[in-house]
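Only one structure is covered here, and it is reproduced in the block below.
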Amino acid sequence: MKITSVEPQIKNPHRFNIFLDGSFAFGADEDLVVERRLVVGKEINKDDMEKLLSEAEVGKLVERVYGLLNVRYRSEREIRDYLKNLSFKRKLKEQDELSEVVVEALIEKLKIRDLINDVRFAREWVEARRKSKKKGINALKAELFQKGINREIVDEVIGADKRDEMSEENLAKESLEKKLRIWKSLPEAEFKQKAIQFLMRRGFNYDIAKQVVENSIKEGV
């Protein structure tokens, strides 16, 4: 088989339609065209064709993952779960499922491009959750474990980002502020119980929660 035409796709000029012996054979991304020198006149044997089809599938999936990553950065487990779900949907439509070879090749390609990096994901997650949700360390650890981040990375990231007690207290105080307006008329004992439980649910340890609540009471909030 010989490549007779390489044409950019209308909807995505970074992808190309490859024609063999005058007939459309497969779509390929820019990287594959360059790396495998897919130019007019090149001969393609059966073994090469099988490899090209597998690599072309990886390239197509990379485009889909780009769309996912445009929303936010993802952990490796999240990407794997996405691919698993995509494969299941294909099965329901009686289409070929994603092979393990294709999935692993895709994961490796994404890692090389730094589109999968669990350390980076964990750091960005911690920073975002602290800013938007005022989460304590315990909650952040639980969320990272849920996202498939291993304990070594969690300990590294939380350890590097871990504030001293005063900073953690400030974050807990910020987290409690909105509730103070709602609970300010409660009896002291009830307020203390509700506030401590609330902060512990937000991921702050008991000692920090207790200290912040007691300080709020002393300040007459």
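Before moving on, here are some points about what is shown:
- Taking the criterion of being under 35 Å from the mean Cα position of the chain (by Cα) and surrounded by 14 or more Cβ atoms within 10 Å (Cβ to Cβ), the residues of the range 40-52 that qualify are 49, 52.
- Some residue of the range 81-100 being among the acidic types (Asp, Glu), under 30 Å from residue 209 (Cα atoms) and modelled with pLDDT of 90 or more: no
- Looking across 191, 204, 198, one residue alone is among the hydrophobic types (A, V, I, L, M, F, W, C), touching an Asp or Glu at 6+ places or on another chain (Cβ under 9 Å), farther than 25 Å from residue 76 by Cα and not assigned by TED's automatic domain parsing to the domain that holds residue 73. It is 204.
- Yes/no for residue 99 being under 15 Å from the mean Cα position of the chain (by Cα) and of a type in the set (Ser, Thr, Tyr): no
- Boolean, residue 86 is surrounded by 12 or more Cβ atoms within 10 Å (Cβ to Cβ), free of Cβ contacts under 8 Å to residues at least 40 places away in the same chain, aliphatic (A, V, I, L, M) and in a helix (DSSP H, G or I): yes
- Residue that is out of contact with any helix residue (DSSP H, G or I) (no Cβ under 7 Å at 6 or more places or on another chain) and either under 19 Å from residue 16 (Cα atoms) or free of Cβ contacts under 8 Å to residues at least 60 places away in the same chain (or both), where the choices are 57, 78, 94: 94
- Within the option set 101, 126, 62, being surrounded by fewer than 13 Cβ atoms within 10 Å (Cβ to Cβ) and either among the aliphatic types (A, V, I, L, M) or assigned by TED's automatic domain parsing to the domain that holds residue 13 (or both) holds for one residue only, 101.
- Among the candidates 106, 110, 140, 144, residue that is aliphatic (A, V, I, L, M), more than 30 Å from residue 87 (Cα to Cα) and either assigned to a helix (DSSP H, G or I) or in the same structural domain as residue 77 (by TED's automatic domain parsing) (or both): 140
- Selection count where residues are surrounded by 15 or more Cβ atoms within 10 Å (Cβ to Cβ) and out of contact with any helix residue (DSSP H, G or I) (no Cβ under 7 Å at 6 or more places or on another chain), scope the range 18-27: 4
- Residue satisfying condition, being within 22 Å of residue 127 (Cα to Cα) and of a type outside the set (A, V, I, L, M), within set 214, 177: 177
- Filter result for residue 140 (surrounded by 19 or more Cβ atoms within 10 Å (Cβ to Cβ), within 22 Å of the chain's Cα centre (by Cα) and closer than 25 Å to residue 196 by Cβ): yes
- Screening the candidates 37, 15 for the property of being of a type in the set (D, E, K, R), farther than 28 Å from residue 124 by Cα, at pLDDT 85 or above and buried (at least 17 other Cβ atoms within 10 Å of the Cβ) yields one hit, 15.
- Flag if residue 72 is surrounded by fewer than 14 Cβ atoms within 10 Å (Cβ to Cβ), closer than 29 Å to residue 144 by Cα and touching an Asp or Glu at 6+ places or on another chain (Cβ under 9 Å): yes
- Any chance residue 53 is assigned to a helix (DSSP H, G or I), within 30 Å of residue 126 (Cβ to Cβ) and aliphatic (A, V, I, L, M): no
The values are calculated or read from the model by the stated rules, or taken from the named source; none is laboratory data. The structure displayed is predicted, hence computed values, not measured ones. Counting neighbours? That spans all protein chains shown, and the Cβs are built from the backbone with ideal geometry, glycine included.
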